[in-house]
Amino acid sequence: MKNYQRLKGMVAATFTPFDANGELNLSVIPHYADLMAAAGMTGVFVCGTTGESLSLTVEERKSVLEAWVKAADGRFKVIAHVGANAIREGIELAAHAQQAGADAVSAMAPSFFKPASVKDLVDFFVPIASAASELPFYYYNMPSMTGVSLPVAEFLLEGKKAIPNLAGTKFTHNNLMEMKDCLALNNGEFEVLHGYDEILTAGLALGAVAGVGSTYNYCSDIYNGIFKAMETNDLATARLLQQQSVNVVKVIIKYGGGVRGGKAIMKLIGIDCGDCRKPFTPFSEEEYKNLKTELESIHFFN
């Protein structure tokens, strides 16, 4: 892998901006990228769950990635999610990511016809990772969305035998024992990117040093503070900040969760990414009003 460096700190899972007609609105991305750079992001995770990846066409995903690579301009890393239910689409997206200048690729398990064993999962990923062989590859483990709950530590050990550029896993699961197991493999051989924003302190306490999160987009001060507090063993501060994170998450859950509710928050802070694509219901003006009121009640805008 060329110029490979482990990730550390915040990686924002980005929203995909749409216009009023539901078409890509790539003009938003340069300003969005400036916000991420100013917030101190180590990187962005493009076209993942937060980015509504499986609601996009292959060509749309390519366009979004190209826009992010250009807008990043080397200020932070760009990780391309290339997961797909169709293996040939995953291969195409991975090859494009490498050609387009992405810094890494990641893929979730197929979620319609599912792998029945770790070997099946490894075999599915081998040609996808190989198509971007110069880039680190991360297995995006998110059983709540994919329905695939195979042992991740076993995948990492077996996967490394067939996927030379396997760097680790984006671990979006609350099984912290399994997460710790992954962190301990071969004296820390694999990167484990923490994926649940509301329990970041737990992941960092177990040894993770990087996280990928959707709420990082609009709560960067909170998470930057958590990372710094945990580095200095200031648990009291970390706990207070984590509670602020939990308070925000509790609000967005009322509005459809991190994708729908989070996208609405982006509009409230000046980055209008439009509505989510169907099957999500468009956000109403009444909802925006209520969301803003609830966020004010927890001092979000302060």
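The values are calculated or read from the model by the stated rules, or taken from the named source; none is laboratory data. Bear in mind the structure is a predicted one, so any value in this text is a computation, not a measurement. No Cβ is skipped: glycine too gets one built from the backbone with ideal geometry, and neighbour counts run over all protein chains shown.
Per-structure values
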{"quantity": "Unique match (being crowded, with 17+ Cβ neighbours inside 10 Å and free of Cβ contacts under 8 Å to residues at least 40 places away in the same chain) among VAL69, VAL58, VAL64, VAL11", "calculated": "VAL69"}
{"quantity": "Every residue from the stretch 155-169 that is buried (at least 17 other Cβ atoms within 10 Å of the Cβ) and either in contact with a Pro (Cβ under 9 Å, 6 or more places away or on another chain) or farther than 20 Å from ALA116 by Cα (or both)", "calculated": "ASN165, LEU166, ALA167, GLY168"}
{"quantity": "Considering residues of the stretch 113-143 that are surrounded by fewer than 23 Cβ atoms within 10 Å (Cβ to Cβ) and of a type in the set (Gly, Ala, Ser) only, the residue nearest to GLU92 (Cα to Cα)", "calculated": "ALA131"}
{"quantity": "Boolean, ALA71 is in contact with a helix residue (DSSP H, G or I) (Cβ under 7 Å, 6 or more places away or on another chain), of a type in the set (A, V, I, L, M) and in a helix (DSSP H, G or I)", "calculated": "yes"}
{"quantity": "Any chance VAL192 is at pLDDT 95 or above, crowded, with 16+ Cβ neighbours inside 10 Å and either in a loop (DSSP other than H, G, I, E, B) or aromatic (Phe, Trp, Tyr) (or both)", "calculated": "no"}
{"quantity": "The stretch 246-277, subset closer than 16 Å to THR49 by Cβ and not in a helix (DSSP H, G or I), residue modelled with the lowest pLDDT", "calculated": "GLY256"}
{"quantity": "Test: residue in the stretch 228-239 that is hydrophobic (A, V, I, L, M, F, W, C) and within 19 Å of the chain's Cα centre (by Cα)", "calculated": "no"}
{"quantity": "Candidates LYS228, LYS292 - the one that is touching a helix residue (DSSP H, G or I) at 6+ places or on another chain (Cβ under 8 Å), of a type in the set (D, E, K, R) and either closer than 24 Å to VAL28 by Cα or surrounded by fewer than 22 Cβ atoms within 10 Å (Cβ to Cβ) (or both)", "calculated": "LYS292"}
{"quantity": "Flag for ALA80 being crowded, with 17+ Cβ neighbours inside 10 Å and either in a helix (DSSP H, G or I) or modelled with pLDDT under 95 (or both)", "calculated": "no"}
